[in-house]
Amino acid sequence: MIQILDSTLREGEQTPGVYFSPETKLAIAQLLDQIGIDIIEVGNPAVDTEIALAVTNIAKAGLKAKIGAHSLCRLDDVSKALDCGVDFLGVFFSISQKRLQQDYNISLESAIDRIAEVISYARNQQQDLIIRYTPEDTVRSPIENVTAAAIAAVQAGANIISIADTTGYATPFQSSRRISGYVTTIKEALANYNLYPMIEVHCHNDRGLALANGLDAYHAGADVIDVSVMGLGERSGIVDIGELLANLMEINPEQSRWKLEYLKDLYYLVSHYSNIPIPPHHPLVGKNAFTHYAGVHVSAIAKDESLYQSLDPQNLGFKSDIALGMQSGISSISLALKQINREDLISDRNLVAKILKEVKEIAKRGTLINIEKELPAIVEYCSSINLSINKMVGIL
Ligand code: HCA
Ligand code: CU
């Protein structure tokens, strides 16, 4: 069964400007746990003592999820991570030719020795630790390097190999760049050595393909997929948690174990503390995700919401809504009047037409109309004009 690793607290905190205090991290972790996330990657304890504190607190919080630390491939960093009492450790070290030559200045052999040394150290320190090794930038590294490093890592004690699309380079539409190809090839190469680690994927969104690549990997048999809330992370971030879960649940309803009704609280919490607004058109939790606007749409959903909705908002703790503006029609006004308990006015066609005209005038100024707050005043204004016109007509 597919497992989800959430990295909002690690990768997500690598979003420029984002900082979560240890208290906020705990609150986010608790919601992730309620949703049913399997692994929560909290951060790299070697980066800051406050991160070490956050990891320790969450590891002690009694959550069902496995709690993880992230670490450079260094003995003292791993040791700091293990001091936090984690269930999971992610060690990353690139074996791409470019990185080995231009950055680390070491040979592949010494890189592999170092990976094996660090992983065996972690394994010896903690027998029940789940250890993940990530050959960073996997999909731009020679596959021979990846498999050699993966074999050594698993032999040294790693349980998971993560295929990282660190720069969002993969695409399901070009065979040499498919992340699913890496899942299959790495699984087969390891199986030849009788090694059967879990395969994880970490997909960045630089080309807007993170979700597509995550699902492509899922089809190829990936065991773990990395996500974050709002897809937060370095540059354009990674796979968005809600988008992935909603899709997985539809592709495979037997796996419908996630409590999507908590997503709303999770996104609101993360958005608040990251100071990053949820885009209004964000799937599932955006303000407009279940809001219908154009007249044709509103008149159709008044009869049956499913005519313009393929998701049930109730499953996500939302209700369908309508918006008023330039694109509205008569039925929008009728529905909006119902919403403010003024059904009595719907039969007055003249008045409804005036309200619609006024709504359009306001919309042309680029102002969003709040139905609850502003429609009553618009109704009052239009009623007064309506009344005086009726009077005039009466006089004439
Ligand atoms: C990073 C890079 C990383 C690591 C992923 C992993 C990536 O920010 O350290 O350790 O599994 O995208 O490769 O996020
Ligand atoms: Cu990343």
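The values are calculated or read from the model by the stated rules, or taken from the named source; none is laboratory data. Predicted model only: the values in this text are computed from it and were never measured. Please note: Cβ atoms are built from the backbone with ideal geometry, for glycine as well, and neighbour counts cover all protein chains shown.
Points to keep in mind about this one:
- The one condition in (1) of a type outside the set (Val, Ile, Thr); (2) free of Cβ contacts under 8 Å to residues at least 40 places away in the same chain; (3) closer than 24 Å to Tyr218 by Cα; (4) in contact with a strand residue (DSSP E or B) (Cβ under 8 Å, 6 or more places away or on another chain) that Gly90 fails to fulfil: (2)
- One residue stands out in the stretch 152-171 among those that are touching a residue at least 40 places away in the same chain (Cβ under 8 Å), farther than 21 Å from Gln3 by Cβ and outside any helix (DSSP H, G or I): the one that is farthest from ligand 1 (Cβ to nearest atom), namely Thr171.
- Assessment of the stretch 184-198 against the conditions (in the same structural domain as Ala149 (by TED's automatic domain parsing) and within 14 Å of ligand 2 (Cβ to nearest atom)) yields no matching residue.
- Residues of the stretch 366-396 satisfying the condition of being under 39 Å from the mean Cα position of the chain (by Cα) and either surrounded by fewer than 16 Cβ atoms within 10 Å (Cβ to Cβ) or acidic (Asp, Glu) (or both): Gly366, Thr367, Leu368, Asn370, Glu372, Lys373, Glu374, Pro376
- The stretch 125-137: number of residues that are of a type outside the set (A, V, I, L, M), in contact (Cβ under 8 Å) with a residue 24 or more places away in the chain and away from ligand 1 (no atom under 13 Å from the Cβ): 3
- Total residues in the stretch 1-52 satisfying the condition of being more than 16 Å from ligand 2 (Cβ to nearest atom) and among the aliphatic types (A, V, I, L, M): the figure is 13.
- Hey, Ser7 in contact (Cβ under 8 Å) with a residue 60 or more places away in the chain and polar (S, T, N, Q) or not: yes
- Test: residue in the stretch 70-86 that is surrounded by fewer than 24 Cβ atoms within 10 Å (Cβ to Cβ), within 20 Å of Leu266 (Cα to Cα), modelled with pLDDT of 95 or more and more than 16 Å from ligand 2 (Cβ to nearest atom): no
- Scanning the stretch 54-62 finds one or more residues that are touching a Gly at 6+ places or on another chain (Cβ under 7 Å), more than 16 Å from ligand 2 (Cβ to nearest atom) and among the charged types (D, E, K, R).
- Candidates Ala323, Ala363, Ala336 - the one that is among the hydrophobic types (A, V, I, L, M, F, W, C), under 30 Å from Asn247 (Cα atoms) and buried (at least 16 other Cβ atoms within 10 Å of the Cβ): Ala323
- Within the stretch 340-360, the residues that satisfy the criterion of being surrounded by 15 or more Cβ atoms within 10 Å (Cβ to Cβ) and assigned to a helix (DSSP H, G or I) are Leu345, Leu351, Val352, Lys354, Ile355, Leu356, Glu358, Val359.
- Single condition Arg140 does not satisfy, out of (1) under 25 Å from Asp48 (Cα atoms); (2) within 12 Å of ligand 1 (Cβ to nearest atom): (1)
Residue-wise test of (1) in contact with a Pro (Cβ under 7 Å, 6 or more places away or on another chain); (2) away from ligand 2 (no atom under 16 Å from the Cβ); (3) closer than 16 Å to Gln30 by Cβ.
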residue	(1), (2), (3)
Val239	no, no, no
Ser256	no, yes, no
Leu263	no, yes, yes
Ile276	no, yes, no
Pro280	no, yes, no
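- Residue, nearest to Tyr169 (Cα to Cα), within the stretch 191-247, restricted to residues that are within 15 Å of ligand 1 (Cβ to nearest atom), among the small types (Gly, Ala, Ser) and not in a strand (DSSP E or B): Ala210
- Out of Thr138, Thr167, sole residue that is in the same structural domain as Lys60 (by TED's automatic domain parsing), within 29 Å of the chain's Cα centre (by Cα) and buried (at least 17 other Cβ atoms within 10 Å of the Cβ): Thr138
- Of everything listed in (1) closer than 15 Å to Arg10 by Cα; (2) touching a residue at least 24 places away in the same chain (Cβ under 8 Å); (3) assigned to a helix (DSSP H, G or I), the single unmet condition for Gly68 is (3).
- Test result for Ala122, in contact with a Leu (Cβ under 7 Å, 6 or more places away or on another chain), buried (at least 21 other Cβ atoms within 10 Å of the Cβ) and without any contact (Cβ under 8 Å) to a residue 40 or more places away in the chain: no
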